[in-house]
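A.B. asks: After the structure tokens below, expect a handful of questions from me.
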Amino acid sequence: MPGMRNHTWSEKTGGLQMMLTRKKKIRLMAVIPAFLVLAFAVACSGGEKEVVPVPETIVNDGVPPIPASIAADMKRYTDIKSTAFADWLPVNEGMVVATRRGNTTQLCALAEPDGELVQLTDFPEPVGNAEVCPDAEKRFLLFSKDSGGDEKYQYHRLDLDTRESTLITDGKSRHMGISFNHLGDRIAYVNNRRTGMLFDIYVTDPLNPDTEKMVFEARRPAYYMPVGWSPDDRRLLVLEYISANQVNSMVVNPETGESKDITPESDVPQVFGMGGFTRDGKWVYGMTDRGGEFRRLVRMELETGRILDVTSGIEWDVEGMAESRDGTQMAFTVNEDGISRLYLLDPATWEYTRVDVIPTGMVGGLTFDSAGKRLALNLNNSRMNNEAFHLDLETMRLLQWTRSDTGGLDVSSFAEPELIHYPTFDQVDGKPRMIPAFYYRPPGDAGKPFPVVIDIHGGPEGQYRPRFQGTFNYLINELRIAVIAPNVRGSSGYGKSYLLLDNAKQREDSVKDIGALLDWVETRPELDRKRVAVYGGSYGGYMVLASMIHYNDRLAAGVDIVGISNFVTFLKNTSAYRRDLRRAEYGDEREIGDFLNSISPTTNAHKITIPLFVIQGQQDPRVPASEAQQIVETVRKNDVPVWYQVATNEGHGFRKKDNRDFMTYSIVRFFQEYLLK
């Protein structure tokens with residue numbers, strides 16, 4: 001969960017790269033376009049304090065007017081942009097990248113490093129997941145887009161010459177997982193059109209979408225994901241994601257629909273996610289935690305089922321893979337205690353070497369160009385808000401393509417986190433279990449202890465990693481708030497045993513890890529134990545509420561964004577296609593409903609007597625707005641300040657800049673009122 005850096009909380013897929021119901025609506029001010037906020041503040045005069053206009057799409061309930069001085073003071077931070085590599089353009093024409101244009105993220109073409117961005121799409125909704133057709137003569141790409149955060153993603157075809165886009169899917173169901181075949185004349189993907197709950201696999205010609213046909217009918221609730229075609233395009237490799245602990249692989253014949261499960265039998269849950277075929281089509285390769293704690297790279301002989309380890313010597317999760325178009329080169333990344341390490345691999349020998357020219361940070365988006373001479377990647381760290389690079393595979397030189405707007409700030413001075421480990425309540429091998437966390441300390445000497453924000457990630461199978469802090473840097477640099485981001489039990493990246501420690505009836509053990517962090521804060525003379533707030537989104541929002549219940553007298557305030565407030569109502573009301581997938585993590589409310597109710601925040605909300613800020617997207621398909629409404633109504637019975645903010649055109653987090661900026665201003669105002677005084 002990326003703090004105030006990116007307000008869409010995404011579920012993890014086992015580490016595999018696939019992959020207002022309120023009756024009373026309160027408008028605080030007339031609508032004024034966001035770009036006029038500062039001009040409005042300057043132009044106003046008189047005794048009234050200038051305030052930030054509330055966007056038309058924001059409904060505030062109990063949120064006071066936001067001083068315009070906050071917007072003015074934060075402008076450099078909210079103006080920071082990022083740019084992400086999406087795919088290579090045909091031949092040597094450059095890259096497709098995604099960056100904010102106006103209010104939303106759009107696609108742009110970039111012909112060369114540090115070149116001019118040429119905008120390709122222009123929609124009121126964010127655009128993502130660009131895939132360029134591998135047949136260079138066809139000159140089109142595919143992209144996805146939803147509406148208002150409803151996550152009913154549709155695929156569109158964009159002509160690279162005319163820049164005209166055409167909808168190629170049904171316009172109503174949820175689509176995922178584009179996979180082009182080698183010839184570029186077919187794509188595979190999934191949608192839930194048939195039942196609304198099950199994801200079937202379809203194949204079509206993107207230039208003639210009327211040829212669409214179902215090639216695999218889902219056999220149970222799961223995320224099915226086509227991830228690769230055999231060299232002759234006659235077989236399709238498919239993942240079946242059941243939970244963070246159980247991922248299966250199968251081979252599907254796209255002509256006959258025949259499928260074969262290639263997952264080896266196991267008495268315990270396992271991740272067995274194969275991601276591609278070898279050049280001869282006789283083997284598949286991918287990631288598994290079978291027989292170990294971490295996800296390693298393996299290859300499997302299809303005829304015999306023989307499995308050979310490739311990276312058994314690396315005791316961390318392999319997290320991403322890429323193969324060159326001709327199958328002669330591979331690359332993969334490893335999640336080493338939250339830091340990405342890049343490796344190159346020779347499929348002829350299956351030997352690999354680590355690439356040492358990559359700066360410390362998060363590495364993603366691995367993609368070889370068509371000639372196999374360059375490896376594109378995205379790099380993100382505490383001082384770089386995601387930029388596109390390529391690695392020259394002959395010279396091993398790393399070349400930066402994009403340099404996004406930093407709002408005039410010197411990002412090289414931004415705080416870098418310290419990786420800490422603190423003891424919690426239980427033991428491992430006779431010693432206290434240690435919980436990893438990243439600690440951002442404000443620069444210099446405060447003269448008095450720093451207030452603290454504990455940033456709790458979502459998932460729950462997520463992992464906080466030391467990426468760019470975005471507007472959280474304003475809290476650290478300007479408000480001088482220390483930020484601590486723990487990876488409590490249940491987080492990914494630390495082995496499958498750690499991942500399972502919070503399942504079902506062990507749910508509140510992860511909350512105890514927050515209590516242990518509060519103990520650690522009390523040992524630090526530079527931190528103010530009386531001024532600690534909790535902050536989190538999605539499952540992190542539940543953790544905020546649960547922490548406020550269990551440690552009410554040790555906390556000053558909490559910010560819950562799109563969070564779960566009752567596990568039973570959440571499991572009943574989340575989108576149908578998600579219910580069984582979430583039951584695998586939280587437990588089945590039809591079997592242990594009494595227990596889930598007993599630990600739910602709405603049941604125990606009478607214990608919350610400190611200020612709470614609840615933020616929600618009205619169209620959220622994951623955590624419905626009813627979850628936010630019921631916790632707001634329940635906590636307000638305690639006669640404590642409860643701020644409630646809803647964006648009517650957002651879903652599971654705020655993706656549009658005007659909404660996101662206003663939310664950020666509101667959070668700062670909340671902290672000013674209840675943490676900094």
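Derivation of every value follows stated rules applied to the coordinates shown; laboratory data play no part. Quick caveat, the model's predicted, so the values are computed rather than measured. All Cβ positions, even for glycine, are placed from backbone atoms using ideal geometry, and neighbour counts span all protein chains on display.
A.B. asks: Could you go through the stretch 496-507 in sequence order and give the Karplus-derived ³J(HN,Hα) for each residue, using 6.51 cos²θ - 1.76 cosθ + 1.60 with θ = phi - 60°, rounded to whole Hz, and x for Gly and Pro?
C.D. replies: After applying 6.51 cos²θ - 1.76 cosθ + 1.60, I find 6, 5, 5, 5, 8, 5, 10, 5, 6, 6, 8, 3 Hz.
A.B. asks: Radius of gyration and Dmax for the stretch 310-404's Cα atoms, expressed in Å?
C.D. replies: 12.9, 39
A.B. asks: Taking N as the number of residues in the stretch 98-250, what is its Cα Rg relative to 2.2 N^0.38 Å?
C.D. replies: Values: Rg = 16.2 Å, N = 153, 2.2 N^0.38 = 14.9 Å.
The reported ratio for this selection is 1.09.
A.B. asks: From the Cα trace of the stretch 345-397, what convex hull volume per residue do you get, rounded to a whole Å³? Don't skip to the answer; put the middle values down first.
C.D. replies: Numbers: hull volume 4.7 nm³, N = 53.
Enclosed volume per residue, from the Cα hull, is 89 Å³.
A.B. asks: Using modelled backbone amide H atoms (1.01 Å from N, in-plane), which distant-in-sequence or interchain residues come within less than 5 Å of residue 63's amide H?
C.D. replies: 644
A.B. asks: Quick one: which residues, 5+ away or cross-chain, put their amide H under 5 Å from the amide H of residue 153? H built at 1.01 Å from N.
C.D. replies: Under 5 Å from the amide H of residue 153 lie the amide H atoms of 175, each far enough along the sequence or on another chain.
A.B. asks: To continue, here is another question. If the convex hull of the alpha-carbon atoms of the stretch 229-347 is projected onto planes in all directions, what is the mean projected area in square nanometres?
C.D. replies: If you wrap the Cα atoms of the stretch 229-347 in a convex hull and average its projections, you get 7.6 nm².
A.B. asks: On a C-alpha basis, how far is the centre of the stretch 573-624 from the centre of the stretch 284-318 in Å? Whole number, if you could?
C.D. replies: 35 Å
A.B. asks: Toward the positive end of the charge dipole of the chain, about the Cα centre and with charges on Cβ (Lys, Arg +1; Asp, Glu -1), which of 475, 447, 511 goes farthest?
C.D. replies: With unit charges placed on the Cβ atoms, the residue in question is 447.
A.B. asks: Compute the separation of the alpha-carbon centres of the stretch 550-565 and the stretch 350-392 and state it in Å as a whole number.
C.D. replies: 38 Å
A.B. asks: Compute, for the chain, the length of the dipole vector about the Cα centre, with Cβ point charges of +1 (Lys, Arg) and -1 (Asp, Glu) only. Units Debye, rounded to 20. Please list the in-between numbers first.
C.D. replies: Values: 78 positive and 92 negative charges, 395 e Å.
Rounded to the nearest 20 debye, it is 1900 debye.
A.B. asks: Related question: Straight distance only, please: which lysines reach the Cα of residue 213 with their own Cα at less than 18 Å, same-chain residues fewer than 8 apart left out?
C.D. replies: 172
A.B. asks: Oh, and also: Check cross-link reach from residue 656 to the lysines: straight Cα distance under 19 Å, and skip same-chain residues fewer than eight apart.
C.D. replies: Residue 656 reaches 75, 81, 145, 152.
A.B. asks: Place the peptides 69-77, 361-369 in order of packing, highest mean first, counting for every residue the other Cβ atoms within 10 Å and averaging per peptide.
C.D. replies: On the way: 69-77: 17.6, 361-369: 20.7.
So the order, starting with the most tightly packed, is 361-369, 69-77.
A.B. asks: Shifting gears a bit: Restricting things to Cα coordinates, could you compute the convex hull volume per residue of the stretch 444-507 in Å³?
C.D. replies: Values: hull volume 6.7 nm³, N = 64.
Considering the Cα atoms of the stretch 444-507, their hull volume per residue is 105 Å³.
A.B. asks: Give me the Å³ per residue figure for the convex hull around the C-alpha atoms of the chain.
C.D. replies: Values: hull volume 108.0 nm³, N = 677.
Convex hull of Cα atoms, per residue: 160 Å³.
A.B. asks: State, to one decimal in nm, how far the label point of residue 268 lies from the label point of residue 416, with both points 7 Å from Cα in the Cβ direction.
C.D. replies: My value for the distance between the label points is 3.7 nm.
A.B. asks: Considering all alpha-carbon pairs of the stretch 80-172, what whole percent are spaced by more than 20 angstrom? Before the final figure, lay out each step's value.
C.D. replies: On the way: 1336 of 4278 pairs.
When every Cα pair of the stretch 80-172 is considered, 31 percent fall beyond 20 Å.
A.B. asks: Lysines within cross-link reach of residue 448: Cα-Cα under 24 Å, excluding same-chain residues under 8 positions apart?
C.D. replies: 530, 677
A.B. asks: Ranked from highest to lowest mean number of other Cβ atoms within 10 Å per residue, what is the order of the peptides 228-234, 332-338? Intermediate results must be reported in sequence, preceding the final value.
C.D. replies: Numbers: 228-234: 17.0, 332-338: 20.6.
Sorting 228-234, 332-338 by mean packing, highest first, produces 332-338, 228-234.
A.B. asks: With Cβ to Cβ distances under 11 Å as the rule, what net charge do the other residues near residue 466 carry (K, R +1; D, E -1)? All intermediate terms of the calculation are to be shown ahead of the outcome.
C.D. replies: Working: positive: 383, 465, 467; negative: 337, 416, 418.
Counting the neighbours of residue 466, the net charge comes to 0.
A.B. asks: With unit charges on the beta carbon (Lys/Arg positive, Asp/Glu negative), name the residue among 600, 664, 653 whose Cα is farthest towards the positive pole of the charge dipole of the stretch 595-677.
C.D. replies: My answer, from the dipole projection, is 664.
A.B. asks: If packing is taken as the average count of other Cβ atoms within 10 Å, what order do 537-545, 131-139, 409-417 fall into, highest mean first? Show your work: numbers first, answer last.
C.D. replies: Values: 537-545: 30.3, 131-139: 17.0, 409-417: 14.6.
For the peptides 537-545, 131-139, 409-417, the packing ranking is 537-545, 131-139, 409-417.
A.B. asks: Counting DSSP beta bridges with both partners in the chain, what percentage is antiparallel, nearest 5? Could the numbers behind the result be given before it?
C.D. replies: Numbers: 122 of 147 bridges.
Among the beta bridges of the chain, antiparallel pairing accounts for roughly 85 percent.
A.B. asks: Right, something else. Using +1 at the Cβ of each Lys and Arg and -1 at the Cβ of each Asp and Glu in the stretch 452-581, identify which of 486, 535, 464 lies farthest towards the dipole's positive end.
C.D. replies: 464
A.B. asks: A further question on this structure: Post the alpha-carbon centroid distance, the stretch 181-209 to the stretch 319-338, in whole angstrom.
C.D. replies: Centre-to-centre (Cα) distance: 25 Å.
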